[in-house]
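The values are calculated or read from the model by the stated rules, or taken from the named source; none is laboratory data. These numbers were taken from a predicted model, which means no experiment stands behind them. For neighbour counting, all protein chains shown are included, and Cβ atoms are generated from backbone atoms with ideal geometry for every residue, glycine included. In case anyone asks, the SASA skips ligands and DNA or RNA and just uses the protein heavy atoms, side chains included. Shrake-Rupley method; radii C 1.70, N 1.55, O 1.52, S 1.80 Å.
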Amino acid sequence: MVRKLDRSKELFAEACKHIAGGVSSDARRSAGVPLYVDHASGAHLWDVDGNRYVDYVLGQGPAILGHCPPIVVEAVNAQAARGLVYSAQHETEIDVARLLGKMVPSADLVRFNTVGSEAAHAALRIARGVTGRPKILKFEGHYHGWFDQVLFSVHPELDSVGPIAHPATVAGTAGQQLSSAGDLVVAPWNDRDRLAAILEEHRDEIAAIVMEPILCNSGVIMPAPGYLEAAQSLASEHGALLIFDEVITGFRVAPGGAQDYLGVVPDLAIFGKAMAGGMQASAVVGRAEVMEFVAAGKIAHAGTFNSHPVAMAASLATLTYLDTQRSAVYERLFSLGEKLMTGLRKAAADRGIALLVDGPGPMFQTYFTDAAAVTDYRDFAATDRAAMVRFQQLLLERGVNTVARGLWFLSTVHSEDDITFTIDAAADALAAM
Ligand SMILES: Cc1ncc(COP(=O)(O)O)c(C=O)c1O
């Protein structure tokens, strides 16, 4: 299958002269020619060579209502005409905060930032400030942004991870401030007893346990039954806060995120991506007693672009839609996801290919593995990730855009036709593997 990519190749060559590596985020590096988008609409992208793609990347998750949803575009345009940036207070930020309070169980009080990494930074600082303790417990395979203090043990090589009972704290990049590792404790996820043992070893030191409540950065993995409840009671027993990183799960699995979907309410949570329907806004939210430390000015929180008026207008439009249309939205995201997952499973089974397709539906993962289930980072790392990248490239050639590591995001505007087209493309791609 040959796509014309002449203009994309020209642009990439030109980009490499001016932009380091030709891309502005390492997440956009590609095994082939990176995608040069001309425009996007609904569930589709068009590249500069005129190729159309059914898009399951959705900007790495934000475009939950699809690309250019009219209600968000109108809100953005209306606000842009009234002012792009104030770095001052405005009524829309109050409306968004109030709506977050209504939708998200843990959101008594909120503070806004611009991107997820910043909100993660804020949440960890708040946890340390509130508890007066130095250390954060994070889990192997979980991603909380690209800042130094948390870019450890996200995707470590399996030969560097150490024993499962005491995972090594593995740096994520050259140039990282390694002293941060001293304030981090890494644990295996989805294992209550090991979490309890590691907390015991660090008694009175842990300010917070931070996790993706549904792991979406190393496969898409649900917490084992009772695991979130166990983490919550262990955190409170140890005087540590529980932080949910809902940058992906937020507004994707339920109006109030994974905490709403799974019924476990953390002390603090962070949101980003889907919150602003394609614009850039993030939030740290929490219980009143915790956020009071920020309210009282005891814990610093700042940012020139915080509660950016245009991003807040986009957030208000997006969240209002998700809130008022909740039953239709989530019914659709789950049923489309289920239909696509079922079709992919069948396409693989028909060709005798061991493809595991798993996840709640609004986001899910494809893994090349014989394993019946993937339950933690080490399982994920043991899957054939090179085959996944090859599959992603073959899908792209056939007009389907997915996240290279095997993650798929659904939007409310993917159609039945898009799903049928995608299953056919996947069947063809699998046959070519
Ligand atoms: C779970 C999670 N937390 C935090 C982040 C960081 O967000 P951002 O890329 O907006 O800084 C991401 C980004 O993918 C994420 O998936």
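A few remarks follow.
- Restricted to the stretch 169-199, and to residues there that are free of Cβ contacts under 8 Å to residues at least 24 places away in the same chain and part of a helix (DSSP H, G or I), the residue that is least open to solvent (accessible area, probe 1.4 Å) is Gly182.
- Answer residue from the stretch 84-104, given it is of a type in the set (Asp, Glu) and either within 16 Å of the ligand (Cβ to nearest atom) or in contact (Cβ under 8 Å) with a residue 24 or more places away in the chain (or both) and is surrounded by the most Cβ atoms within 10 Å (Cβ to Cβ) among those: Glu93
- Candidates Ala123, Ala107, filtered to the one that is away from the ligand (no atom under 14 Å from the Cβ) and open to solvent by less than 10 Å² (accessible area, probe 1.4 Å): Ala107
- Residues that are closer than 18 Å to Ala425 by Cβ, open to solvent by 30 Å² or more (accessible area, probe 1.4 Å) and not in a loop (DSSP other than H, G, I, E, B) within the stretch 340-382 comprise Thr342, Arg345, Lys346, Ala349, Asp350, listed in sequence order.
- When the stretch 281-313 is filtered for residues that are part of a helix (DSSP H, G or I) and surrounded by 19 or more Cβ atoms within 10 Å (Cβ to Cβ), the ones remaining, listed by number, are Val290, Met291, Val294, Pro309, Val310, Ala311, Met312, Ala313.
- Just so you know, in the stretch 2-25 the residues that are in a loop (DSSP other than H, G, I, E, B) and small (Gly, Ala, Ser) include one that is least open to solvent (accessible area, probe 1.4 Å), and it is Ser25.
- Selected residue [open to solvent by 10 Å² or more (accessible area, probe 1.4 Å) and within 22 Å of Val413 (Cβ to Cβ)] from Gly257, Gly278, Gly226: Gly278
- Residue that is farthest from Asp376 (Cα to Cα) [pool: residues in the stretch 208-227 that are touching a strand residue (DSSP E or B) at 6+ places or on another chain (Cβ under 6 Å) and not in a loop (DSSP other than H, G, I, E, B)]: Ala208
- Subset of the stretch 386-398 [touching a strand residue (DSSP E or B) at 6+ places or on another chain (Cβ under 8 Å) and surrounded by fewer than 19 Cβ atoms within 10 Å (Cβ to Cβ)]: Ala387
- So Leu322, is it of a type in the set (A, V, I, L, M) and in contact with a Ser or Thr (Cβ under 7 Å, 6 or more places away or on another chain): no
- Options Val247, Val284: the member that is among the hydrophobic types (A, V, I, L, M, F, W, C), within 12 Å of the ligand (Cβ to nearest atom) and within 23 Å of Val73 (Cα to Cα): Val247
- Filter result for Glu229 (of a type in the set (Asp, Glu) and out of contact with any Asp or Glu (no Cβ under 8 Å at 6 or more places or on another chain)): yes
- The criterion of being under 17 Å from Asn401 (Cβ atoms), in a strand (DSSP E or B), open to solvent by less than 90 Å² (accessible area, probe 1.4 Å) and more than 16 Å from the ligand (Cβ to nearest atom) does not hold for Ala31.
- Selected residue [at pLDDT 95 or above and in contact with a strand residue (DSSP E or B) (Cβ under 6 Å, 6 or more places away or on another chain)] from Ala235, Ala274, Ala258, Ala230: Ala235
- Close pairs (6 angstrom Cβ cut-off, 6 or more residues apart or separate chains): closer than 16 Å to Val247 by Cβ and in a helix (DSSP H, G or I) in the stretch 115-134, among the hydroxyl-bearing types (Ser, Thr, Tyr) and within 12 Å of the ligand (Cβ to nearest atom) anywhere: Gly116/Ser282; Ala119/Ser282
- Residue match in the stretch 221-230 (condition: farther than 17 Å from Asp204 by Cα, within 11 Å of the ligand (Cβ to nearest atom) and either in contact (Cβ under 8 Å) with a residue 24 or more places away in the chain or not basic (Lys, Arg) (or both)): no
- Top-ranked residue of the stretch 35-64 - restricted to ones that are open to solvent by less than 10 Å² (accessible area, probe 1.4 Å) and in a loop (DSSP other than H, G, I, E, B), ranked as farthest from the ligand (Cβ to nearest atom): Ala43
- The stretch 406-433: number of residues that are in a loop (DSSP other than H, G, I, E, B) and either over 25 Å from the mean Cα position of the chain (by Cα) or surrounded by fewer than 21 Cβ atoms within 10 Å (Cβ to Cβ) (or both): 4
Rundown of residues vs (1) over 19 Å from Gly263 (Cα atoms); (2) out of contact with any Gly (no Cβ under 9 Å at 6 or more places or on another chain); (3) not basic (Lys, Arg), yes/no style:
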residue	(1), (2), (3)
Ala181	yes, yes, yes
Asn190	no, yes, yes
Arg194	yes, yes, no
Cys216	no, no, yes
Gly239	yes, yes, yes
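- Against the test of being on the phi > 0 side of the Ramachandran plot and either touching a Phe, Trp or Tyr at 6+ places or on another chain (Cβ under 8 Å) or without any contact (Cβ under 8 Å) to a residue 24 or more places away in the chain (or both), the options Gly42, Gly66, Gly22 yield a single qualifying residue, Gly22.
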